[in-house]
Structures are given as structure tokens and as C-alpha cells.
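Worksheet: the structure to be examined is printed underneath.
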Amino acid sequence: MIEIENLSFAYDEKQIINGFSACFEKGERVCIKGESGKGKTTFLRLICGLEKPQNGRIDLFEVEKIGMVFQSDVLLPWKTAFENVKAVSDMETAEKWLGAFSLGDSMNKYPFELSGGMCRRVALARAVAFEPDVLILDEAFKGLDLALKTDIMGLIREHFSDRIVIFTSHDEAEVESFASRTVEL
């Protein structure tokens, strides 16, 4: 469970998040909604500990590992797709998730040899292979064609049915098919 109480954050004089409170339970897939520039990415970074709240608190109960897919793929360019995923898991797990995300034939390619959608799937495979207690997805399905997106959302839904998934998306069809609930920031 994640409990957030009276959370506030500002960049210099610009208030991004002001007095936000929410609770996230195991088994939920929660979409954080809000207009562009309203702090959705900052909120995800606060949960991950990449930013510190200026006011309020974030309590992570029974959460030891958080996995995140950023808006940009953040792959290690000197490692193959397989090595990028294996960096957070083992050989068998890396192969399993790359295969599940239709990258079995591209495991030995470097990021510069992959399309944008393929890099996105490597980033998703790495986050899932990490086996986090909480999976954070920041616009994680952008750039994927509908069939792949549907398959990957289904795999994540099934695999994380007993954990917390928090995500952002501007695609209403994604939100409708993937979220168990939405929270306005």
C-alpha cells in the first residue's frame, strides 16, 4: 500500500502539486490524470524517491522495489536489448520478457539498431523483469501499435494483479482498457 497525505511540491516559485492526498492498494492499476504541466511526472518521481516532497508525506508500506518506465526509454546504449534487461534480472527472466514483448529476434541488438517502439518495449521488459512491488509507467505505451500495446497491457495486468501499477497516459482508450481507477492530480 502507498499512502500519500497533503503532498506539495514546487519548482522555484511555480507550485506543481498542492495538498494532494491519495491511497493506492495492491492489485490496483491507477491512472494519474491531469493537464500537461500539472505535475504527473513530478508526482511519479516523488513516489520513486527521485524528488523529495516539500510538504506532506509518502508512506510505502511493504514496498521494497519500485520499477519505472520513464517517458524516454533510458536504455544503456553500450548494452544489447538482452543485456539491458538482464542488468536487473537473470538470463531466463530477461529472455522470457523480451520474448513476451515480441523482441526474441532482436535480443542481441543495441538500442541504436532498434526502432523507437522496440526501445520502448525493451524499457518495459526491463521494468517488468525487475519484479518490483510497484510499477510506475510514465506514458509508457506511447509509440506502440495497437496490437502490441493491447498484448503488453494484458501481460502487465496479469503479472501485476497482486501489486500496484501507477501510470500516466493522454490516450483515453489506454486509460479505459488498463486502469482499474483514475485519480485527478
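Rank these residues by their accessible area, most exposed first, probe 1.4 Å: Ser8, Ser180, Ser89.
On the way: Ser8 10, Ser180 65, Ser89 40 Å².
Ranked list, largest accessible area first: Ser180, Ser89, Ser8.
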Helix-only CD estimate at 222 nm, as mean residue ellipticity for the chain, using -39500 (n - 2.57) per DSSP H run (n ≥ 4)
-9500 deg cm²/dmol
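How large is the accessible surface per residue of the chain, computed with a 1.4 Å probe and reported in Å² as a whole number?
49 Å²
Out of region 1-66, which trypsin sites (Lys or Arg not before Pro) are coil in DSSP terms and have no more than 15 other C-beta atoms within 10 Å?
On the way: sites: Lys14, Lys26, Arg29, Lys33, Lys38, Lys40, Arg45, Arg57, Lys65; in loops: Lys26, Lys38, Lys65.
Within region 1-66, the qualifying trypsin sites (Lys or Arg not before Pro) (loop, at most 15 other Cβ atoms within 10 Å) are Lys38, Lys65.
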Quantify, in whole percent, the carbon and sulfur part of the accessible surface of the chain (1.4 Å probe; protein heavy atoms only).
48 percent
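Can you give me the orientation-averaged projected area of the convex hull built on the Cα atoms of region 1-67, in nm²?
That works out to 4.6 nm².
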Picking from Pro77, Pro132, Pro111, which is most flexible by a Gaussian network model of the chain using Cα springs under 10 Å?
Pro77
Tell me the accessible surface of Met1 in square angstrom (1.4 angstrom probe, heavy atoms of protein chains only), to the nearest ten.
60 Å²
As straight-line cross-link partners of Lys33, the qualifying lysines (C-alpha separation under 22 Å, not fewer than 8 residues apart within one chain) are Lys14, Lys52, Lys142, Lys149
Environment charge of Glu92, counting only residues whose C-beta is closer than 13 Å and scoring Lys/Arg +1, Asp/Glu -1
-1
Give the accessible area for Val88 in Å² (nearest 10); use a 1.4 Å probe, count only protein heavy atoms, and leave out ligands, DNA and RNA.
50 Å²
Taking the convex hull of the alpha-carbon atoms of region 43-156 and averaging its shadow over every direction gives an area in square nanometres of 7.6 nm²
Compute, for Tyr11, the solvent-accessible surface of its heavy atoms (probe 1.4 Å) with the complete set of protein chains present, and express it in square angstrom to the nearest 10.
90 Å²
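In region 24-102, which chymotrypsin sites (Phe, Trp or Tyr not before Pro) are in a loop and have at most 12 other Cβ atoms within 10 Å, using DSSP for the loop call?
On the way: sites: Phe24, Phe43, Phe61, Phe70, Trp78, Phe82, Trp97, Phe101; in loops: Phe61, Phe70, Trp78, Phe101.
Filter output for region 24-102: Phe61, Trp78.
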Which whole-number percent gives the relative contact order of the chain, counting Cα pairs below 8 Å spaced six or more residues apart?
32 percent
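Compute the Kirkwood hydrodynamic radius of region 107-185, taking the inverse of the mean of 1/r over all pairs of distinct Cα atoms, and give it in Å to one decimal. Please list the in-between numbers first.
On the way: mean 1/r = 0.0748 Å⁻¹.
It is 13.4 Å.
The values are calculated or read from the model by the stated rules, or taken from the named source; none is laboratory data. Here the structure is a predicted model, which means the values were calculated and not measured. Backbone-built Cβ (ideal geometry, glycine too); neighbour counts: all protein chains shown. Side chains are part of the model used for accessible areas, which takes the heavy atoms of the whole protein and leaves out ligands, DNA and RNA. Shrake-Rupley method; radii C 1.70, N 1.55, O 1.52, S 1.80 Å.
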